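Trainee: Please see the structure below; I have some questions.
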Amino acid sequence: MLQFVIAGLVLGGIYAIASAGLVITYTSSGILNFAFGAMAFFIARFYYYLHTQESWSILAAAAVAILIAAPALGIVLYAVLFRYLKLSSPLTKVVATIGLSVALPALATIIFGTGAIQQAPGLAPEPVKVFHFIGVPVTLDQIIVYASVVVIVVAGALVLKYSDVGLKVRAMVDSTAMTDLSGTNPTAISIGVWAVSTFLAGLTGVLAAPIIGLDPINFTLLIAASFAAVIAAKLRNLPVAVGVGLLMGVATSLIQRYLPPASAWTTEIIDAVPFIVITIVLVYNLVRRGRVGETEAWGGALDRAITPQGESKLAASTSTVVETASLNFFGRYAGPLVLVALAVALPLVLGGYWVGLTAQAFAFGVIFLSWTLVTGEGGMLWLCQITFAGVGALTTSQFAGHLGWPVLASVAVGGFVALGLGALIGFLSIRLGDLYVALVTLTFGLLIENLVFTLPRFVNQGLGLTLNRPSFASSDISYSYLCLVAFVIVSLFIVNLRRSTTGLALNAARWSQAGARTSGISVVQMKVLAGATAAFIAGIGGGLLAVAQTTVSPSSFATFAGIVWFAALVTIGIRSTAAALVAALAFVMLPAISQAYLPTWTGNLLPVIFGLGAISAAKYPDGVLAEQSRRLRHLLQRVAPDALADEHFAEEVEAGVVDTEAVGMAPEVAGQLS
């Protein structure tokens, strides 16, 4: 048993170091860094490049990669991104770090070479020396992990609690402005914090590489597992985070001893241990307190009063509403109508293989609309929409393939199964706070992926499940139009929802929960409704996608692949139904074009572009398409104002003829117009 405990402490030590970096970052900046795993992979890949590809010594490669490159990466990222996120909403912070998590691994592949590396060196010289402790063999790599954990925990606790630097960091968390007034430079402290955070990420990456290999998915999974320790520590308690990380490693190792090694369930349970821990902690806190205790804001009231943030939420919303409502029919709907016309022509223009891709793109568009609803309208970051799509796809295959139901009826059943799961997840998570909604949905996706999608009836010995298209839409062209019709129907539903009483209530809950409650709106009810409806849409889209591909494989609905889907949508526009179609076409067509006509390495440019697009959400929350549409509208209004303007709109508002609530305007907006 001692041997399993010692082995478990290695994985637990890596969890502990990663969770320490996450806690330090969140405590000092208010950002839960979803890109920590991508940073760890980037530095580990750089270390491999120096040590293995360029034949540097271990000491030189480690010094350059961990002690120089890692802190430098943190400083650069702070300068170009993180310093602009200090007073942003939790949603914006998470979206930006998700974009970074998508871009960095692809960038590392472009710089250092392609392909996953299964055997990576650690910090111990090879062959690795083996020592014996109470009769148990311990490698030098393991000793380095133990020593790193001890040094980080002791040094971190002493510095944060008893040193001048720790006092300044804690003061800056409370109020950057007051820290500045006391003669301390908050920028220097922030730079130092991010340098330390990326140093810990680099150390985690180099220590973990010999165990998990140099695969970015494995690194992301490792950091997602470390979130269990961070959540148990309520995002702030460093000793608790380290302790839970160590215990998770030991528990994982002991499971390997007591469960049958030949059982497939053993592997699945081992992979699910951290996510089971997250579930237990979240449910416990939800039952006991109703919330986990997330800090909704970082910094004090003085910081928010004096820090220029550009347009406020109300001002931005007001500007958009005024612009849209004051346009005539052509000004409002010309863009979407042209886009739909192009989509209708696309299957006729293209041929063969490309028409089949068009059908898949339209199905992806339906899935993307689920984010348009839950994130764009509801203001919640759900990271399991791909899981709901997978549930819809697998349910469709079971009902259509095994029970002989009509295909479209099976797609509808898949949507309703996803709806039930979405309602359950929404009810359990929304009261926890915005940040925890992202963590809960990510955990749910990983649990379903590990425990449900791996069942033999779904995997079918790796062959997947076969589906037939409906008889009236058996060809690629006819099925493309079927998926396009589904997309248009869901889009019209979302557009009408925005104008309905429910949509107005959901919009109020998005921008001000306190104000919505004062008005008698149930925030939880509105957000559960949005989440469940979005899950239904994702389930329908997943069923349509499975039928488009005619084969269903659970591996196609991996949780972390959904993060790339989300980044693609955010790049184009999270609130626009038209953007969902553009993003889906780009997501499906661009890789195919790259594979068919461009050099192989260009395939890695797309994740970088999508990742950078998600990062740009910090500046352009509505996405590239919405921003460019706004600029084009301004240009046309200058050139031909009469062609776009509804000349009677302002007069009707002033006379009280227009129902301002029906067009989604707050009273302040109507006041500006009148």
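The values are calculated or read from the model by the stated rules, or taken from the named source; none is laboratory data. Since we're looking at a predicted model, the values are computed, not measured. Every residue, glycine among them, receives a Cβ derived from its backbone with ideal geometry; neighbour counts consider all protein chains shown.
Trainee: Looking for something assigned by TED's automatic domain parsing to the domain that holds Ile448, of a type in the set (Val, Ile, Thr), in contact (Cβ under 8 Å) with a residue 60 or more places away in the chain and more than 22 Å from Val437 (Cβ to Cβ) - is there at least one such residue anywhere in region 510-519? Full working, then the answer.
Mentor: Restricting attention to region 510-519, the residues satisfying the condition of being assigned by TED's automatic domain parsing to the domain that holds Ile448 are 510-519.
Subset that is of a type in the set (Val, Ile, Thr): 518.
Next, only the ones that are in contact (Cβ under 8 Å) with a residue 60 or more places away in the chain stay: none.
The answer is no; no qualifying residue exists.
Trainee: Find the helices (runs of 4 or more DSSP H) located wholly in region 596-646 whose residues include 2 or more that are closer than 21 Å to Val564 by Cβ and at pLDDT 75 or above, and list them.
Mentor: Hits in region 596-646: 605-615.
Trainee: Considering only residues that are over 15 Å from Ile211 (Cα atoms) and assigned to a helix (DSSP H, G or I), which ones fall in region 30-46?
Mentor: Phe36, Ala38, Met39, Phe42, Ile43, Phe46
Trainee: Now for a separate question. Tell me which of these Thr441 doesn't satisfy, since it passes every other one: (1) more than 21 Å from the chain's Cα centre (by Cα); (2) part of a helix (DSSP H, G or I); (3) buried (at least 16 other Cβ atoms within 10 Å of the Cβ); (4) among the β-branched types (Val, Ile, Thr).
Mentor: If we test Thr441 against (1) more than 21 Å from the chain's Cα centre (by Cα); (2) part of a helix (DSSP H, G or I); (3) buried (at least 16 other Cβ atoms within 10 Å of the Cβ); (4) among the β-branched types (Val, Ile, Thr), just (1) comes out false.
Trainee: Can you confirm whether region 152-163 contains a residue that is buried (at least 16 other Cβ atoms within 10 Å of the Cβ), modelled with pLDDT of 80 or more and assigned to a helix (DSSP H, G or I)?
Mentor: yes
Trainee: Next question. Inspect all residues belonging to region 481-489 and state whether any of them is closer than 21 Å to Gly420 by Cα and either without any contact (Cβ under 8 Å) to a residue 60 or more places away in the chain or among the basic types (Lys, Arg) (or both).
Mentor: No, there is no match, as no residue in region 481-489 is closer than 21 Å to Gly420 by Cα and either without any contact (Cβ under 8 Å) to a residue 60 or more places away in the chain or among the basic types (Lys, Arg) (or both).
Trainee: Which one of these does Thr27 not meet: (1) outside any loop (DSSP other than H, G, I, E, B); (2) surrounded by 22 or more Cβ atoms within 10 Å (Cβ to Cβ); (3) among the β-branched types (Val, Ile, Thr)?
Mentor: The failed condition is (2).
Trainee: Touching a Leu at 6+ places or on another chain (Cβ under 7 Å), charged (D, E, K, R) and in the same structural domain as Pro239 (by TED's automatic domain parsing): does that describe Arg83?
Mentor: Criteria not met by Arg83.
Trainee: Condition test on Ser370, is it of a type in the set (Ser, Thr, Tyr), assigned to a helix (DSSP H, G or I) and either more than 29 Å from the chain's Cα centre (by Cα) or at pLDDT 95 or above (or both)?
Mentor: yes
Trainee: Shifting gears a bit: Val64: modelled with pLDDT of 95 or more and not assigned by TED's automatic domain parsing to the domain that holds Thr443, yes or no?
Mentor: So Val64 fits the description; yes.
Trainee: Against the condition farther than 30 Å from Asn460 by Cα, of a type in the set (A, V, I, L, M, F, W, C) and touching a residue at least 60 places away in the same chain (Cβ under 8 Å), how does Ala618 come out, does it pass?
Mentor: Against the criterion (farther than 30 Å from Asn460 by Cα, of a type in the set (A, V, I, L, M, F, W, C) and touching a residue at least 60 places away in the same chain (Cβ under 8 Å)), Ala618 qualifies.
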